[in-house]
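Note sheet for the following structure.
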Amino acid sequence: MTKTPEAIRWSGGVRGNLHMLDQTLLPLELTELAFGTGDLARIYEAIQKLRVRGAPAIGISAAYGVCVGVQDVLDAEKEAFLAKTAEIIAFLRTSRPTAVNLFWALDRMTRIVQKIDREFSKECFEAELAAEELLKEAKAIHEEDQRLCAAIGKHGEKLLGQNVGVLTHCNAGALATGGDGTALAVIYAAVAEGKKVHVYADETRPLLQGARLTAWEMVQRGIPVTLICDNMAGKVMQEGRVQAVIVGADRIAENGDTANKIGTYGVACLAAMHEIPFYVAAPTSTFDLSIRDGSEIPIEERDPREITHGFGRQTAPEGVNVYNPAFDVTPAKLIRGIITENGVISPVNRENVRKVVGE
């Protein structure tokens, strides 16, 4: 298998650049965007407009975004540097509401700011040294995600047989993370173990992440893939083509209820109807144990034009009412197991979530 191009990377030191693939242009155009001094607003736009997407990748990008933002104050005194950093973090927090990894990563960067405040005296403060601490943490978040993806793949591939059809929804692969993905890491690991896997990729309306991104990743890796419209999932299950469903997650509540790309709940219901195991693959950083169940997960509602004018072409009458939630919540009772870097949570309930995720 060939490797998928990196979705995110950093070049240089504290005055360096954040690079990310513009995923809105895939699969037709492979374009890497570069962000440096003065580009914080561009990074915000890239997160908000899904140029980078996937919960882990959003978190990594936000952490690096802090490092880009502080490039404007590398000559500042301590109080001005700390105030600017807090402002940057608060700004990035407003870019996407559902993906908890965004807030998790920015919380980690906030703890570094607090450490800088404690350990750097006002008289001896050097902004570049403080910025190095922030960049070190952002790189640690990125490198940790690479290891987590590998561990998720290792645990998850054991759940798949030797010759299986796997249905996916949206994209939870290398494009969505710092490593090989979450749901797709399971597939990559299974193939690496010599198992024969045929992927059925839901197109994933309205932005077609399954068609544009997951199918593209499979083709890049040489893994057999069949693209289907979202409303064909029940048909391929009924025909016996699918033996497992694996999806990613953007936020998981304490009881295991899981928010993922809109349409996931419907796929989970179909899988239950056909007695097909439905798995969620996600790192423990995607769990939000402050939320008791899925009813408390904030659901982002996006621009109606994503539906009425998909990819620039009008396909609905002017003035029609539109409801465009970006995510839905799959109840824990429909999930056979949640695959994490620490192992598989099954059955999915509060007690088992706490055992595997911790506090």
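Would you point out the residue of the range 190-225, among those that are of a type in the set (Val, Ile, Thr) and within 17 Å of the chain's Cα centre (by Cα), that is surrounded by the most Cβ atoms within 10 Å (Cβ to Cβ)?
Step one: list which residues in the range 190-225 are of a type in the set (Val, Ile, Thr), which gives 191, 197, 199, 204, 214, 219, 223, 225.
When the remaining residues are screened for being within 17 Å of the chain's Cα centre (by Cα), the result is 204, 214.
On the way: Thr204: 23, Thr214: 30.
Applying the filter and picking the extreme gives Thr214.
Within the bounds of the range 203-221, is there any residue that is under 24 Å from Ile299 (Cβ atoms), charged (D, E, K, R), in a loop (DSSP other than H, G, I, E, B) and touching a helix residue (DSSP H, G or I) at 6+ places or on another chain (Cβ under 9 Å)?
Yes.
How many residues, within the range 84-107, are within 11 Å of Ser285 (Cα to Cα) and touching a Ser or Thr at 6+ places or on another chain (Cβ under 9 Å)?
6
Taking Glu341 as the residue in question, decide whether it is farther than 20 Å from Ala244 by Cβ, in the same structural domain as Asn260 (by TED's automatic domain parsing) and of a type in the set (D, E, K, R).
no
Only one residue in Ala41, Ala80, Ala63, Ala90 is within 15 Å of the chain's Cα centre (by Cα) and not assigned by TED's automatic domain parsing to the domain that holds Gly210, so which one is that?
Working: Ala41 fails: within 15 Å of the chain's Cα centre (by Cα); Ala80 fails: within 15 Å of the chain's Cα centre (by Cα); Ala90 fails: within 15 Å of the chain's Cα centre (by Cα).
Matching residue, one of Ala41, Ala80, Ala63, Ala90: Ala63.
Looking at the range 150-161 only, could you name the residues that are under 12 Å from Asp180 (Cα atoms) and touching a residue at least 60 places away in the same chain (Cβ under 8 Å)?
Ala151, Ile152 - these are the residues of the range 150-161 that are under 12 Å from Asp180 (Cα atoms) and touching a residue at least 60 places away in the same chain (Cβ under 8 Å).
Restricting to the range 292-345, and then to whatever is polar (S, T, N, Q) and out of contact with any Leu (no Cβ under 9 Å at 6 or more places or on another chain), can you tell me which residue is surrounded by the most Cβ atoms within 10 Å (Cβ to Cβ)?
Going through the qualifying residues, I end up with Thr330.
The values are calculated or read from the model by the stated rules, or taken from the named source; none is laboratory data. Bear in mind the structure is a predicted one, so any value in this text is a computation, not a measurement. Note: ideal-geometry Cβ built from the backbone for every residue, glycine included; neighbour counts use all protein chains shown.
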